[in-house]
Amino acid sequence: MLDAEGGFWSTLDGLLERLNLLADDVQQGTFNKAVKIYATNVGATDFTISGVLTKNSCEWCALHVGQTYHRGQFMPYLPKHPHCNHFYEVGRVGAENEESAFAAFWGLQ
């Protein structure tokens, strides 16, 4: 097995790993941006960082999972690092009828 100094990232396996990490980042980042945009359009006011914490979770994730951000407040880019499984969850919709707002958000109407 090649270590980092031995050129692993230049091998076929290393290049494929980097492409997979990039694809994961783009997919997760796109999902989180879409949640923020669409949820804001239907009146969402709270967004909570959700996801599973494990013994291998990084310090940033351990401190921020469960934190709620409000519309208009700076919200960190997610994912924060490779293999980060955290995402924004819509916490509250400021509409009079929250059920219809959530149904509109998820296209259930």
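FYI, it's all coordinate maths here, none of it is from the lab. Values in this document were obtained by computation on a predicted structure and should not be read as measured data. Heads up, the Cβs are rebuilt from the backbone with ideal geometry, glycines too, and the neighbour counts pull from every protein chain shown.
Tabulated values for the structure
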item	result
Against the rule of thumb 2.2 N^0.38 Å, how large the Cα Rg of the stretch 7-105 comes out	1.30
Where labels lie 7 Å past Cα in the beta-carbon direction, separation of Thr68 and Gln27 in nm	3.1 nm
